[in-house]
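Novice: Next up is a structure, given as structure tokens.
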Amino acid sequence: MGSRLTAEEVKARLSGLEGWSMEEGKWLVKKYRFPAFAGSIAFVNRIADIAEAMNHHPMIAIDYRVVTLRLTSWHAGGLTELDCTSVARYDEAYAGSADERTP
């Protein structure tokens, strides 16, 4: 089990990542936009593969062309290093889907 990070520690770890916000002090949240529904679904499948490999799963909402990811570490009661590592991997997956996403 990872140790819960302070808000300052989370902000420092997210400093190089765009679009992530912290909500209620225990969630990391980001919306990803795609030009078509198929791109959203392909991205969610990549996120599922990453989450399974890391054994750390986000809440996923698919709203046609917008995918919202919400992440926390339940066992720690907030955000941990694993959450920060996960969101960086999700952004890498999004960057790798340039042909499926809105420029």
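Novice: Just read off the accessible area of LYS26 with the full protein assembly in place, 1.4 Å probe, to the nearest 10 Å².
Specialist: 80
Novice: Still on this structure, please answer the following. When the accessible area of the chain is computed with all protein chains present and a 1.4 Å probe, what percentage of it is carbon and sulfur?
Specialist: Summing carbon and sulfur atoms, their accessible area is 52 percent of the total for the chain.
Novice: So what is the accessible area of the chain per residue, in Å², with the probe set to 1.4 Å?
Specialist: Details: 5850 Å² over 103 residues.
Per residue, the chain has an accessible area of 57 Å².
Novice: Using only the alpha carbon atoms of the chain, find the Kirkwood hydrodynamic radius as the inverse mean reciprocal pair distance, in angstroms to one decimal.
Specialist: On the way: mean 1/r = 0.0724 Å⁻¹.
After inverting the pairwise mean of 1/r, the radius is 13.8 Å.
Novice: Under unit Cβ charges (Lys, Arg +1; Asp, Glu -1), what dipole magnitude, rounded to 20 debye, does region 23-95 have relative to its Cα centre?
Specialist: The dipole of region 23-95 has a size of about 260 debye.
Novice: Then there is this: What spacing in nm lies between the two simple spin-label points modelled at HIS57 and GLU23, each 7 Å away from Cα in the Cβ direction?
Specialist: Taking the two extended label points, one gets 2.0 nm.
Novice: At a 1.4 Å probe radius, which order do THR6, THR72 fall into by accessible area, largest first?
Specialist: Descending accessible area places them as THR6, THR72.
Novice: Continuing with the same structure: Suppose a student asked you for the relative contact order of the chain, using Cα pairs under 8 Å spaced at least 6 residues apart; what percent would you report?
Specialist: Relative contact order comes out at 37 percent.
Novice: Farthest toward the dipole's positive end in the chain, which of TRP74, MET22, ILE47, given Cβ charges of +1 (Lys, Arg) and -1 (Asp, Glu) about the Cα centre?
Specialist: Toward the positive end, the furthest listed residue is MET22.
Novice: TYR90: net charge of surrounding residues, Cβ under 9 Å, Lys/Arg +1, Asp/Glu -1, itself excluded?
Specialist: Around TYR90, the charge tally is +1.
The values are calculated or read from the model by the stated rules, or taken from the named source; none is laboratory data. Computed from a prediction, not measured in an experiment: that's the story for all the values here. With ideal geometry, Cβ positions are generated from the backbone for all residues, glycine too; neighbour counts draw on all protein chains shown. Note: areas computed on protein heavy atoms with side chains; ligands, DNA, RNA excluded. Shrake-Rupley method; radii C 1.70, N 1.55, O 1.52, S 1.80 Å.
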